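Down below is the structure, laid out as structure tokens.
The values are calculated or read from the model by the stated rules, or taken from the named source; none is laboratory data. Here the structure is a predicted model, which means the values were calculated and not measured. In this analysis, Cβ positions are derived from the backbone assuming ideal geometry, glycine residues included, and neighbour counts consider all displayed protein chains.
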Amino acid sequence: MRSAKPFLVGILAIGLVAAGCKQKTASETATTEETPTVTTESARQAIQASNDAWAKGALAGDAAAIAQLYAEDGILQPPGMPRAEGRDAIQQALATMLASASFTSMELPVTDVGIAESGDLAYAVGSYKDVVATADGQSATETGKYLEVLKNVNGEWLIVADTWNSDAAPGAPAAAEGGATKGEAGQ
């Protein structure tokens with residue numbers, strides 16, 4: 001009967017050699033054209049640009065433009081409205097929201113960004129301030145906070161999950177009749 005000792009020593013040696021070698025990941029072997037370097041600052045700037053586009057779309061009443069900022073399988077969880085899954089449903093929810101609120105200004109500053117080590121996922125935390133024209137010709141201001149999860153798709157940060165809520169106490173009157181404002185329903 002043969003001894004298993006030489007076999008086990010060989011396996012152990014192969015294991016030690018393999019453990020000492022670092023396997024390159026796809027991102028390490030890819031060219032910079034395929035995988036651009038993602039830094040917190042570059043992500044923050046891109047996400048802020050996306051939020052600025054969100055605000056611009058809201059001011060224009062353009063639900064289709066805002067929906068393009070979301071991933072095809074994105075999720076929107078606006079307060080006071082049902083959850084919307086998928087870009088088409090998100091566009092419909094945004095159209096409903098925009099039909100009931102006439103925004104006159106909107107700010108969506110990003111206050112914190114975190115990026116996955118892989119560079120393909122990020123989260124953004126921020127605040128919002130929006131002003132809507134009311135039915136009586138006045139305006140109402142709302143402030144709140146939002147949380148977004150985004151994925152990097154070919155260098156573009158698309159929203160995969162989005163929720164926000166007002167700083168107003170629960171049960172406080174909405175800033176506009178008939179629907180949630182951006183702060184209540186968007187970012």
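Against the condition part of a loop (DSSP other than H, G, I, E, B) and over 22 Å from VAL38 (Cα atoms), how does GLY80 come out, does it pass?
So GLY80 passes the test.
Run THR104 past the list (1) assigned to a loop (DSSP other than H, G, I, E, B); (2) of a type in the set (Ser, Thr, Tyr); (3) at pLDDT 95 or above and report the number of the one that doesn't hold.
THR104 satisfies every listed condition except (1).
With respect to ILE66, is the statement that it is in contact (Cβ under 8 Å) with a residue 24 or more places away in the chain, part of a helix (DSSP H, G or I), within 17 Å of ASP130 (Cβ to Cβ) and of a type outside the set (S, T, N, Q) true?
Judged against the criteria, ILE66 is a match.
Only one of these is at pLDDT 95 or above and either assigned to a strand (DSSP E or B) or in contact with a helix residue (DSSP H, G or I) (Cβ under 8 Å, 6 or more places away or on another chain) (or both): ALA89, ALA124. Name it.
Just a single option satisfies the conditions, and that option is ALA124.
Conditions tested, residue by residue: (1) β-branched (Val, Ile, Thr); (2) at pLDDT 60 or above.
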{"site": "LYS22", "(1), (2)": "no, no"}
{"site": "THR37", "(1), (2)": "yes, yes"}
{"site": "ASN51", "(1), (2)": "no, yes"}
{"site": "GLY61", "(1), (2)": "no, yes"}
{"site": "TYR70", "(1), (2)": "no, yes"}
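Go through the residues of segment 161-172 one by one and say whether even a single one is at pLDDT 95 or above, outside any strand (DSSP E or B), crowded, with 18+ Cβ neighbours inside 10 Å and touching a Leu at 6+ places or on another chain (Cβ under 7 Å).
No: segment 161-172 contains no residue that is at pLDDT 95 or above, outside any strand (DSSP E or B), crowded, with 18+ Cβ neighbours inside 10 Å and touching a Leu at 6+ places or on another chain (Cβ under 7 Å).
Checking the conditions here, which among ARG83, ARG44 is touching a residue at least 12 places away in the same chain (Cβ under 8 Å) and either touching an Asp or Glu at 6+ places or on another chain (Cβ under 6 Å) or of a type outside the set (Ser, Thr, Tyr) (or both)?
ARG44
Would it be correct to say that GLY183 is small (Gly, Ala, Ser), at pLDDT below 95 and not in a loop (DSSP other than H, G, I, E, B)?
Against the criterion (small (Gly, Ala, Ser), at pLDDT below 95 and not in a loop (DSSP other than H, G, I, E, B)), GLY183 qualifies.
Need pairs with beta-carbon distance below 6 Å; first residue of a type in the set (A, V, I, L, M) and within segment 118-129, second modelled with pLDDT of 95 or more and surrounded by fewer than 16 Cβ atoms within 10 Å (Cβ to Cβ); sequence gap 6+ or separate chains.
VAL125/THR111; VAL125/ASP112
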